[in-house]
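Chemist: The structure's right below; bear with me while I get my questions together.
What follows draws every value from the coordinates through simple rules; no lab data is involved. This structure is a prediction, so every number in the text was calculated from the model and none was measured. We place every Cβ from the backbone using ideal geometry, glycine too, and count neighbours over all the protein chains shown.
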Amino acid sequence: MPDPLRFAIAVVPLAAYLLVLGVLNARRRPLVTSGTSDLTALGLAVSGLAFIGPIEQFRPDAATGSLGNSIWLLLLAFYGLWVALAIMLQRPRVVVYNCTVEQLRPALSETISALDPTARWAGDSVTLPGLGVQLHLDPFEFMRQVAIVSSGPEQNLEGWHKLQRAVARALRTTTMTPSPRAPGFFIVGGGLLVWSVLRLASGGEEVATALNELLIYG
């Protein structure tokens, strides 16, 4: 078990992410977001784990001696660049939270027909020649979310932006039942947050020692 300070650094961003997921799953309406926003949120959620893991463990000693505490800013910026690289390398996609494939498909079919009458469906895949978009549906049933993912390398990014806006408009009036998993996200996220706060409050000297270990000139 890590010390209270490192534990809080690791779990607070993750707990916040789980609480946000709980809110999204407790809503009566789906939320449509871009793959960029979805991956950015995930990167922030695991940033604390990265900080006390590879970022701290592989901190270069020579650079630490030269830069002092400023090394943390550079290492966090380096982590941010890795997240940005992952975002740039991912294929275009649109993520719909609090929605199943069965609930999404009618609205998506109507939206696609309006955007491109020449669209062709094949199972859960569809080609929109007029938008330069090829996609398929990738459900994640445990999280009750569906990713609309690009199929193939040749994609029109402007076409994807139009599709995302159109799907968001189509689902604006759609009503869902809250996900039964929402309380689980609240319990786990809230439990981690309370646990980290209690450990910090009772840590005392252990927290001070950990802080001195992290700060070069504490």
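Chemist: Return one quarter of the surface area of the convex hull spanned by the alpha-carbon atoms of the stretch 144-218, equal to its mean projected area, in nm².
Modeler: Computing the convex hull of the Cα atoms and averaging its projections yields 10.6 nm².
Chemist: Also, quick follow-up: Which chymotrypsin sites (Phe, Trp or Tyr not before Pro) from the stretch 149-218 combine a DSSP loop assignment with at most 11 other Cβ atoms within 10 Å?
Modeler: Within the stretch 149-218, the qualifying chymotrypsin sites (Phe, Trp or Tyr not before Pro) (loop, at most 11 other Cβ atoms within 10 Å) are Tyr217.
Chemist: What net charge do the residues around His136 carry, taking every other residue with its C-beta under 15 Å from that of His136, with Lys and Arg at +1 and Asp and Glu at -1?
Modeler: +1
Chemist: Of (i) -0.26, -0.41, -1.31; (ii) -0.18, -0.31, -1.38; (iii) -0.32, -0.50, -1.21, which one was derived for log10 I(q)/I(0) by the Debye sum over Cα atoms at q = 0.07, 0.09, 0.18 Å⁻¹ from the structure shown?
Modeler: After the calculation, the listed value that fits is (iii).
Chemist: Calculate the spin-label point distance for Thr118 paired with Leu85, positioning each point 7 Å from the Cα along the beta-carbon direction, and give it in nanometres.
Modeler: 3.9 nm
Chemist: Quick one: putting +1 on the C-beta of Lys and Arg, -1 on the C-beta of Asp and Glu, what dipole do you get for the stretch 92-175 around its Cα centre, in Debye to the nearest 20?
Modeler: 260 debye
Chemist: Please compute the Kirkwood hydrodynamic radius over the stretch 17-68, one decimal place, Å, based on all pairs of different Cα atoms.
Modeler: Kirkwood hydrodynamic radius for the stretch 17-68: 13.8 Å.
Chemist: Also, quick follow-up: Can you give the relative contact order of the chain as a percent, counting alpha carbon pairs under 8 Å and 6+ residues apart?
Modeler: Reported as a whole number, the value is 35 percent.
Chemist: How charged is the neighbourhood of Val149? Take every other residue with its Cβ under 9 Å from the Cβ of Val149, and add Lys/Arg as +1 and Asp/Glu as -1.
Modeler: Net local charge, Val149 excluded: +1.
Chemist: Then there's this: Cα centroid distance between the stretch 5-24 and the stretch 118-154, in Å?
Modeler: The stretch 5-24 and the stretch 118-154 have Cα centres separated by 31 Å.
Chemist: Give the shape of the stretch 77-174 as rounded, prolate or oblate, defined through the alpha-carbon gyration tensor: a ≥ b ≥ c are the square roots of its eigenvalues, a/c under 1.5 means rounded, and otherwise the shape is prolate if a/b is larger than b/c and oblate if not.
Modeler: Here the stretch 77-174 falls in the oblate category.
Chemist: Treating only the Cβ atoms of Lys and Arg (+1) and Asp and Glu (-1) as charged, compute the dipole magnitude of the chain about its Cα centre; round to the nearest 20 debye.
Modeler: 820 debye
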